[in-house]
Structure formats: structure tokens, C-alpha cells
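Note sheet for the following structure.
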Amino acid sequence: MGHKYRIILISDSTGETLDRIFLALKSQFSNFDYKKKEYIFIRTESQIDKIIKENSEEKNSIILYTVVETKLAKYISHRCNESQIPCFSILGNLLLNFSKLLNQRATHTPSAQHVLDDEYYKRIEAIQFSMVHDDGMKVEDIIMADIVLLGVSRTSKTPTSIYLANKGYKTLNIPLVGNQDIPNILKEKPQNFCVVGLSVESERLSDIRINRLEAMKENKMSSYSDLEFIQKEIENSKKLFKKYNWPVIDVTRKSVEETAASVIRIFDIKKRKKK
């Protein structure tokens, strides 16, 4: 039986960066039992003292921190050494090495990544667009979309759209349901848009839909979750993608992040070809 660790995340900003880094770190260890505690917007020595005091009696504590202000980062390291708590600066060495490589001093400004610049407003605009144009809504605005996702029901179109929107891509998704047709402009000028088809293995999709029906307390015998019906749906969607030469991503064993990364790669390739 392994130890249970207390993971303490200390950030001088929102903690988003540190949380993502820890997520990537813990995914590499299959037997990692832990309890996580997060402290955000930590910018004074007195706050650090309070955190150390709260956790110094806990066994197997580990501190990870993203603090860009040099003096405060050194203070955390000093206090952890005093309390014999292992601690790791996530950005410290990276900032130092980049500073040397670029031959310029880092600003050491907390929350610098959250500046309200053009890129920030682009992301907000993309999120608003993708929310309004989810699940086949307002397809008449398709000319304004950066990316169009097509796929049968429950192929992760919506979560992928939202993830892409957070990356700044205006994404419109259209469900391929029954005899519902796609917009004529996609048929007339299929290569004028970055259209990506999402597909999935029929058995997996059947399981997903059965679980969906159970959650909604609907009839599980519906054709919606019938394997033969699903196989026909997927086959028809693949025929459509092939007809217009649209790239297809199989999302069966992909996370939303992996699917989105593949979509972005397709978008970039298409963009380069247009130049």
C-alpha cells in the first residue's frame, strides 16, 4: 500500500497554469494517491507563512509553485527547507534559461498571461460565437466560422467546439441526424471551408447513447442506441465526408484535447495551402 500525499499548489495568479502542469504530471503515475489543496493569488510572505503553518504537520506534503516574483519565490524555497517540505518551482528555471537565451530580463509580473490584449478578446469572441452556433443553430452564419465540425449525435462535437473556442477558433458544429441536410453552401463550395468530420466506433457510440438514455430516463430500446441503426448512421456520415473530401477524425479513443489538437493541425494545413 503506497503513501497518500498532500499536494499543495501555490500560485501568484489564477492557478490555471499550475493545475494543468500538475494534471500532466500525475497522469504519468498509475499508483499516485493524493489529496490536493490549492492556494491562488499568493503574493506576500505572510501568506506563505500561513500556508506553511497550515501544512507543516501534514505527512508526505509536496509543494509545487508558480511564483514569478524572484524574492517571493526564494522565500517559499527558504520556508520549505526550514519545514523540511519538498518543493518545486515550476517556472523558475525556465524563466532563468529563457532570460539568458533571449538576453533580456523577465518582467516577473504575476498574471501577465491574463492581459486584456487582442488575443484575449479574440478568444472571448470565439467562445460567444461557438456557444451561439452549437448543435446546428444559426447555420446561416457559417461563412463566419473558422472551423465547421460535422458528426452524428454524441461524437463530442460540442465539447470540442468549446475547447477550440477557448483557443480562439470560431467553431460551428452541425449534427448529422436522420435526413437532416447540411447547408447548401458546404455542398457548392466544400473546399472553401475548414470542415472536419468526427466519427466513432459503432459499439462505443452505442454504449455512450445507452448511458445517455439512462441518465435521461428515456426508453433504452430506442433506435437511437440500436447498434444496427448506429452503424448505418456512421456509414452514411463517412460517405458524406468522402464525397466532399473532408478529413475525418476517429474520436473513439481520443480525449477532447487530442481531438481539438488534430482539428487545429488540419486547420493550419488548410491555411498554409491557401497562401
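Only a single item in (1) of a type in the set (S, T, N, Q); (2) at positive phi; (3) assigned by TED's automatic domain parsing to the domain that holds Leu172 is not met by Asn103, and it is number (3). Cys194 falls short on exactly one of the conditions (1) in contact (Cβ under 8 Å) with a residue 60 or more places away in the chain; (2) under 16 Å from Ser156 (Cα atoms); (3) not aliphatic (A, V, I, L, M), and that condition is (2).
Of the residues Leu72, Leu102, Leu64, the single one that is among the aliphatic types (A, V, I, L, M), farther than 30 Å from Arg154 by Cα and free of Cβ contacts under 8 Å to residues at least 40 places away in the same chain is Leu102. For Phe267, state whether it is outside any loop (DSSP other than H, G, I, E, B), touching a Cys at 6+ places or on another chain (Cβ under 8 Å), in contact (Cβ under 8 Å) with a residue 12 or more places away in the chain and closer than 25 Å to Asn192 by Cβ. In short, yes. Lys26 - would you say it is closer than 28 Å to Asn166 by Cβ and of a type in the set (Lys, Arg)? Answer is yes for this residue. How many residues does region 55-75 hold that are more than 11 Å from Arg43 (Cα to Cα) and of a type in the set (A, V, I, L, M)? So the answer is 3. If the condition is being of a type in the set (A, V, I, L, M) and out of contact with any Ser or Thr (no Cβ under 8 Å at 6 or more places or on another chain), then region 154-195 contributes Ile174, Ile182, Ile185, Leu186, Val195. Counting only residues that are over 17 Å from the mean Cα position of the chain (by Cα) and assigned to a helix (DSSP H, G or I), region 231-264 holds 13 of them.
Hey, among Asn184, Asn245, which residue is touching a residue at least 24 places away in the same chain (Cβ under 8 Å), exposed (fewer than 12 other Cβ atoms within 10 Å of the Cβ) and either in the same structural domain as Met137 (by TED's automatic domain parsing) or within 22 Å of Asp141 (Cβ to Cβ) (or both)?
On the way: Asn184 fails: touching a residue at least 24 places away in the same chain (Cβ under 8 Å).
Answer to the selection: Asn245.
Within region 14-35, residues that are farther than 16 Å from Ile63 by Cβ reach partners that are among the aliphatic types (A, V, I, L, M) with beta carbons closer than 7 Å, at six or more positions or on different chains, in the pairs Thr14/Ile40. Number of residues in region 79-108 that are under 22 Å from Arg20 (Cα atoms), touching a helix residue (DSSP H, G or I) at 6+ places or on another chain (Cβ under 7 Å) and outside any loop (DSSP other than H, G, I, E, B) equals 3. Would you point out which residue out of Ser206, Ser199, Ser225 is closer than 22 Å to Thr160 by Cβ, touching a strand residue (DSSP E or B) at 6+ places or on another chain (Cβ under 8 Å) and among the hydroxyl-bearing types (Ser, Thr, Tyr)? Going through Ser206, Ser199, Ser225 in turn, the sole match is Ser199.
The values are calculated or read from the model by the stated rules, or taken from the named source; none is laboratory data. These figures come from a predicted structure and were not determined experimentally. All Cβ positions, glycine included, derive from the backbone under ideal geometry; neighbour counts span all protein chains shown.
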